[in-house]
Amino acid sequence: MFLKLAALILLCLLHGFTPPSASASSPLTLQAGKSSYPLAGHLDVLKDPTGTLTIDQVSAPGMDSRFKSDKGDVPSFGMSKSVYWLRFTISPGTSPEQLWLLELAAPHLYYVDLYAPLPGGGFERMQAGSMRPMTVRAFPHINPVFPLDFSGAARTFYLRADAHIFAYFPLTLRTPEAFAALNHQRDIFSGCFFGGLLVICLYHFFLYLSLRDKTYLYYVFEIFCVMLFELATKGFLLETVAAGHPELNRYTYLTGVFASFAGLLFARNFLATVRNAPVVDFMLRLFMPITLMVIPVALLVSPAAGRGILAVIAVCNTIIALAGGVVIFRRGYHPAGYYLAARIFRIIGLWIYAAAVFKLLPWNFETLYGIQIGTVLEIGLLAFALADRINVMRQDKEIAEAAALTAARESEQKAIELAEEMTIELREALERQNRFLAMLSHEYRTPLAIVRANLDLMELQEPETGDTRGPRVTTMKHAVGRLVELMEISLQKERLNGFRSAVALEQLELVSFLDSIVDSAEGLWPERTFVFHPDISAAMIMAEAATLKTALFNLLDNACKYSPPDQPVEIECRIDGNVTVVVIRDRGTGILPGEGQKVFEKYYRGSGSSDTSGSGVGLWLVRQIIQQLGGSIVLEEAANGGTAAVVRLPLA
């Protein structure tokens, strides 16, 4: 990740190295039965700041005094752009092996040349380094490796290394068998390391597909970028992608840009900085585009300058992310503790490797693979962090659900209390309405009684006075009687709620009842003709006379309204199975298609009723009454024009 590059460069800037001594190092003597030799303690070093010295110059006798002996485990000279010459002498000694491989475990070095002395004088030049294609290397490997032949006397070799960034030279001589065994172990370790990263990527990607939590996607992105950065720094990209184009190695450090950017994305989402630390979130969002700006800047500056810029930005990103983790952890967000531990383990692994590079720690398995070990620990802890985050989210969800349930119960209780209050208010309103209707009926009853008495008096005086208004008086008497009946019905409390309450039913002979209804209608509408056609002589039903009379009068009133004055209103009565059928037919324009059921809705008036008075309540009231009596009503188009209201009531 970006921490590796940042810490290594800072160490290079801060770490001072021990100057080599002036005396020459002793030759390395090979012994029988031994297959591996580190060259530490057998190296002489010459610094060439200008990089202009040639092999002939450095191998001349007069240059001996300029070589300094290095007694450390690994020659290390910090951050430097100088060229270094390393001289060492190897004697075959008692070893029967003739072919050996010299490995320089530093895949980042740009140019490395080994000059092996020839029997007849001069030197054989063997090339390696990250800026050279595999086809020209003396041995195809991610590290500079050179085959050496020790079939004769002791030989002195010269190695020229253009460090370009920072200079450290872990040189080891091995037999081909020992080198192959070590290389096999490295391949296994690298395969496990990168394979494990790939498996973790796939696993968390499937978790993202399942949970749709973007934090898992950002975690996958970060691991992939870390894996890409490790492949670049370890030289695997050089061995594969850039094998034929070594100039691309100048920009392999840009993989650290993506790793740094991915680290910011993951930190921002995992730590939920938007909610937990807005200031930290602002800083992370600020440095995200700044980090990506390194890519175009890298095309304008030298690789060394680009690495320096990336190192500074990576350090800033790390400090901001760690500071945010500390702040958020102290505010009670427990997954931030795993995040901090994970990042710290990676930093520790990086510093262990760096300490070995700069001779603060000895070279061994732990120091050589410190970065990878730290990365494994980091990824493992981040996996725990994600799991703990799921637990926190689950707890938050349970708390939210409990709060929602409590709120729902409180709302339900409030709704019940409100319903009770509304019920009480409704009852009070109904009582007020009942009192008002009672008062209104009482007040209307007296004047109606006076009108009825005067109409009776006029009817009695008619023979004496020769008055010819008798039919009109009779009509007015019928109208007043009907008003009195309606006022009596309105006084009954159980009629007020849409006729939904139970009524007292009694046996009623329908034919004679209809005959009386027709007589009353003729008195109310003397100018109209009513034709009653009963197909039966008698039929008993269970009904309440007052309400049924109201329903039938409404139907007769509608028939009179919507039919021409010179056309009769027909009333039929018959038995159909176990029900009686009453049909009231007019000769009007009829109802429009699709309005057969709508006209029974409260306050609805048909399309053809614009020129007649009404409130749209009559047919609704009729259906309420008929349904309460266990019957049904429909409007049909009459065979000879007009509308037929068909009422069905069960027989008693």
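The values are calculated or read from the model by the stated rules, or taken from the named source; none is laboratory data. None of these values were measured; they are calculated from a predicted model. So basically every Cβ, Gly included, is an ideal-geometry build from the backbone, and we count neighbours across all protein chains shown.
Please go through region 586-607 and pick out each residue that is of a type outside the set (Ser, Thr, Tyr) and part of a helix (DSSP H, G or I).
As a first pass, look at region 586-607 and keep what is of a type outside the set (Ser, Thr, Tyr): 586-588, 590-602, 605-606.
Hits for region 586-607 are LYS598, VAL599, PHE600.
If you go through region 160-175 one residue at a time, do you hit one that is over 22 Å from LEU231 (Cα atoms), touching a strand residue (DSSP E or B) at 6+ places or on another chain (Cβ under 7 Å) and surrounded by fewer than 17 Cβ atoms within 10 Å (Cβ to Cβ)?
There is no residue in region 160-175 that is over 22 Å from LEU231 (Cα atoms), touching a strand residue (DSSP E or B) at 6+ places or on another chain (Cβ under 7 Å) and surrounded by fewer than 17 Cβ atoms within 10 Å (Cβ to Cβ).
Which condition breaks for LEU109 when tested against (1) of a type outside the set (Ser, Thr, Tyr); (2) over 17 Å from LEU39 (Cβ atoms); (3) assigned to a loop (DSSP other than H, G, I, E, B)?
(2)
Any idea which of (1) of a type in the set (S, T, N, Q); (2) over 22 Å from GLN627 (Cβ atoms); (3) at pLDDT 85 or above is the one THR468 doesn't satisfy?
Condition not satisfied by THR468: (3).
The rows are residues; the columns are (1) of a type outside the set (Val, Ile, Thr); (2) surrounded by 15 or more Cβ atoms within 10 Å (Cβ to Cβ).
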| position | (1), (2) |
| --- | --- |
| ALA40 | yes, yes |
| VAL45 | no, yes |
| ASP56 | yes, no |
| PHE67 | yes, yes |
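Conditions: (1) more than 30 Å from PRO303 (Cα to Cα); (2) of a type in the set (S, T, N, Q); (3) in contact with a Phe, Trp or Tyr (Cβ under 8 Å, 6 or more places away or on another chain). SER76 meets all but one. Number of the miss?
Of (1) more than 30 Å from PRO303 (Cα to Cα); (2) of a type in the set (S, T, N, Q); (3) in contact with a Phe, Trp or Tyr (Cβ under 8 Å, 6 or more places away or on another chain), only one is false for SER76: (1).
Restricting to strands (runs of 3 or more DSSP E) lying wholly in region 531-585: which have 2 or more residues that are β-branched (Val, Ile, Thr) and either at pLDDT 90 or above or under 18 Å from VAL599 (Cβ atoms) (or both)? Please lay out each step first, then the result.
Details: elements: 540-543, 569-576, 579-585.
Where strands (runs of 3 or more DSSP E) fall fully within region 531-585 and carry at least 2 residues being β-branched (Val, Ile, Thr) and either at pLDDT 90 or above or under 18 Å from VAL599 (Cβ atoms) (or both), they are 569-576, 579-585.
Only one of these is in contact (Cβ under 8 Å) with a residue 12 or more places away in the chain and either closer than 25 Å to VAL617 by Cα or not assigned by TED's automatic domain parsing to the domain that holds ASN640 (or both): LEU524, LEU508. Name it.
The match here is LEU524.
Please indicate, with yes or no, whether at least one residue in region 139-151 is under 54 Å from the mean Cα position of the chain (by Cα), surrounded by 22 or more Cβ atoms within 10 Å (Cβ to Cβ) and more than 21 Å from TYR251 (Cβ to Cβ).
Yes: one or more hits.
Need pairs with beta-carbon distance below 6 Å; first residue farther than 16 Å from TYR353 by Cβ and within region 68-83, second at pLDDT 80 or above and not in a strand (DSSP E or B); sequence gap 6+ or separate chains.
Close Cβ pairs satisfying both conditions: SER69/SER25; LYS71/GLY41; PRO75/PHE169; SER82/PRO49; VAL83/GLY51.
Tell me, which residue of region 315-369 that is among the β-branched types (Val, Ile, Thr) and outside the structural domain of SER190 (by TED's automatic domain parsing) is surrounded by the most Cβ atoms within 10 Å (Cβ to Cβ)?
Quick first cut of region 315-369, residues among the β-branched types (Val, Ile, Thr) only: 315, 318-320, 326-328, 344, 347-348, 352, 357, 367.
Within this subset, residues satisfying the condition of being outside the structural domain of SER190 (by TED's automatic domain parsing) are 344, 347-348, 352, 357, 367.
Numbers: ILE344: 16, ILE347: 19, ILE348: 15, ILE352: 20, VAL357: 25, THR367: 20.
Here the residue is VAL357.
Under 8 Å between Cβ atoms, at least 6 apart or on separate chains: pull out the pairs that start in region 552-569 with a residue that is under 11 Å from GLY588 (Cα atoms) and surrounded by 15 or more Cβ atoms within 10 Å (Cβ to Cβ) and end on any residue that is of a type in the set (Val, Ile, Thr) and modelled with pLDDT under 85.
Short answer, once both residue conditions are applied: LYS561/THR612; TYR562/THR589; TYR562/THR612.
In region 318-369, how many are of a type in the set (D, E, K, R), farther than 27 Å from PHE166 by Cα and outside any helix (DSSP H, G or I)? First the steps, then the outcome.
The initial filter retains those residues of region 318-369 that are of a type in the set (D, E, K, R), namely 330-331, 343, 346, 359, 366.
Filter once more, keeping what is farther than 27 Å from PHE166 by Cα: 330-331.
Next cut, outside any helix (DSSP H, G or I) only: 331.
Going through region 318-369 one residue at a time, the tally reaches 1.
Can you confirm whether ALA383 is under 23 Å from ILE223 (Cα atoms), of a type outside the set (S, T, N, Q), touching a residue at least 60 places away in the same chain (Cβ under 8 Å) and surrounded by fewer than 19 Cβ atoms within 10 Å (Cβ to Cβ)? Lay out the reasoning, then the answer.
Numbers: under 23 Å from ILE223 (Cα atoms): yes; of a type outside the set (S, T, N, Q): yes; touching a residue at least 60 places away in the same chain (Cβ under 8 Å): yes; surrounded by fewer than 19 Cβ atoms within 10 Å (Cβ to Cβ): yes.
Yes.
List the residue pairs whose Cβ atoms are under 6 Å apart, where the first residue sits in region 611-624 and is under 13 Å from LEU555 (Cβ atoms), the second is modelled with pLDDT of 85 or more and assigned to a helix (DSSP H, G or I), and the two are 6 or more positions apart or on different chains.
GLY618/ASN554; VAL622/ALA551; VAL622/ASN554
State which residue pairs qualify: first residue at positive phi and inside region 102-129, second residue among the β-branched types (Val, Ile, Thr) and assigned to a strand (DSSP E or B) in any location, beta carbons under 6 Å apart, and separation of 6 or more residues or different chains.
If the second residue must be among the β-branched types (Val, Ile, Thr) and assigned to a strand (DSSP E or B), the pairs left are GLY129/VAL112.
Only one of (1) at pLDDT 80 or above; (2) under 24 Å from TYR369 (Cα atoms); (3) hydroxyl-bearing (Ser, Thr, Tyr) is not met by SER25, so which one is it?
Condition (2) is where SER25 drops out.
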